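Shown below is the structure under consideration.
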Amino acid sequence: MHMRDHDVKGWHALLALAFGILGTVAGLYLAIHIVGPTIRAWLGVPPGFNVDYATREAWRQARSVQLLSLSAVFFLAGLASGVVKYPKPLAWSLWVANPFSVGFGYWLYQSFFSANSPGEYFGYVGLGLLALAAPFVFAPCMFLGIRGAAYFRTTTGGGHNYDAPA
């Protein structure tokens, strides 16, 4: 019986890491193709954007866009996890949004898609910053999504408590 519980936890950990990697890739895609152009349309293109040597303003805007996009993706992943009613939301959040999954997802995206994207969005400093931000920024966003979904799951349907025992 004890081994069976251990196997489930191992699969949950692998599943969480896979979700973290996929969430990071999705967040970076959104940052480059949707959020970044939208922010540049609203705030203007920073000087030196998408040239040979990135300026400080362009680099900061790229990091801000990545933080915003990844935070939104992990929040939405938390909402999806909360609908499923995951039993330990903080542990699940930390397993999904950890430095390894975010760093590996960033490296994966950079390896395959950096040739067609602005250079400000890539580099090893960005990889390190986003990987270190994972437990402090992305995991809390995911936790808030899980808690928000749990709240809506228990209060929708005319006040019927769906989590109450039958």
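The values are calculated or read from the model by the stated rules, or taken from the named source; none is laboratory data. Since we're looking at a predicted model, the values are computed, not measured. Here the Cβ is made from the backbone with ideal geometry for all residues, glycine too, and neighbour counts use every protein chain on show.
Any residue in the stretch 129-139 that is over 17 Å from residue 32 (Cβ atoms), surrounded by 15 or more Cβ atoms within 10 Å (Cβ to Cβ) and modelled with pLDDT under 85?
Scanning the stretch 129-139, I find no residue that is over 17 Å from residue 32 (Cβ atoms), surrounded by 15 or more Cβ atoms within 10 Å (Cβ to Cβ) and modelled with pLDDT under 85, so the answer is no.
Something else now. Against the condition more than 13 Å from the chain's Cα centre (by Cα) and at pLDDT 90 or above, how does residue 26 come out, does it pass?
So residue 26 fails the test.
Conditions (1) under 21 Å from residue 136 (Cβ atoms); (2) surrounded by 21 or more Cβ atoms within 10 Å (Cβ to Cβ); (3) within 14 Å of the chain's Cα centre (by Cα), marked per residue:
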| site | (1), (2), (3) |
| --- | --- |
| 18 | no, no, yes |
| 59 | yes, no, no |
| 66 | yes, yes, yes |
| 70 | yes, yes, yes |
| 80 | no, no, yes |
| 83 | no, no, no |
| 96 | yes, yes, yes |
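Looking at (1) at pLDDT below 85; (2) out of contact with any helix residue (DSSP H, G or I) (no Cβ under 9 Å at 6 or more places or on another chain), which is the only condition residue 113 fails?
(2) is the only condition that residue 113 fails.
Of all helices (runs of 4 or more DSSP H) completely enclosed by the stretch 1-120, which ones contain at least 3 residues that are over 21 Å from residue 132 (Cβ atoms) and either touching a residue at least 60 places away in the same chain (Cβ under 8 Å) or not hydroxyl-bearing (Ser, Thr, Tyr) (or both)?
Hits in the stretch 1-120: 2-30, 36-43, 56-84.
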